1. Only one of (1) at pLDDT 80 or above; (2) within 23 Å of the chain's Cα centre (by Cα) is not met by Arg98, so which one is it?
2. If the requirement is being out of contact with any His (no Cβ under 6 Å at 6 or more places or on another chain), at pLDDT below 90, at negative phi and aliphatic (A, V, I, L, M), which of these qualifies: Leu56, Leu5, Leu18?
3. Considering only the range 27-45, I want to know if a residue exists there that is surrounded by 10 or more Cβ atoms within 10 Å (Cβ to Cβ), more than 33 Å from the chain's Cα centre (by Cα) and modelled with pLDDT of 90 or more.
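The values are calculated or read from the model by the stated rules, or taken from the named source; none is laboratory data. Predicted, not measured: the structure shown is a model, and the values here were computed from it. Every residue, glycine as well, gets a Cβ built from its backbone with ideal geometry; the counts of neighbours run over all protein chains shown.
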Amino acid sequence: MAGSLHVRNLDDEQIARLKRRAARHGRSAEAGHREILRHPLADEEEPPFDTLAADLRKLTKRRKQTPAEIVLREGRDERRPRPSSTPALPSNGWSKRRGRYRHWPFVVARS
């Protein structure tokens with residue numbers, strides 16, 4: 001995937017030096033910039049997932065955590081249909097907007 005990177009607030013002297021360096025290496029300024037960015041990243045290895053997960057656990061160690069099963073249960077409860085006294089189907093005149101059930105301005109008659 002190709003992307004763009006914009007660097008602001010560079011001194012004119014830095015820009016001129018980057019262009020001269022690219023010209024010495026027979027590249028366009030843009031290709032020179034890509035090479036400068038690629039070079040230090042080539043030797044760097046991505047840390048394994050287990051290391052990243054351990055670092056995240058350390059960062060959030062003292063924060064209150066909500067177990068996933070509670071979050072899932074709450075989500076299911078919010079999506080659970082309403083009792084028959086308050087129909088949840090749009091054909092019955094009810095619509096779910098912004099997490100709440102609201103009655104339409106008219107009721108559609110059922111056949």
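1. The failed condition is (1).
2. Working: Leu56 fails: at pLDDT below 90; Leu18 fails: at pLDDT below 90.
Sole residue among the options that is out of contact with any His (no Cβ under 6 Å at 6 or more places or on another chain), at pLDDT below 90, at negative phi and aliphatic (A, V, I, L, M): Leu5.
3. Yes, the range 27-45 contains at least one residue that is surrounded by 10 or more Cβ atoms within 10 Å (Cβ to Cβ), more than 33 Å from the chain's Cα centre (by Cα) and modelled with pLDDT of 90 or more.
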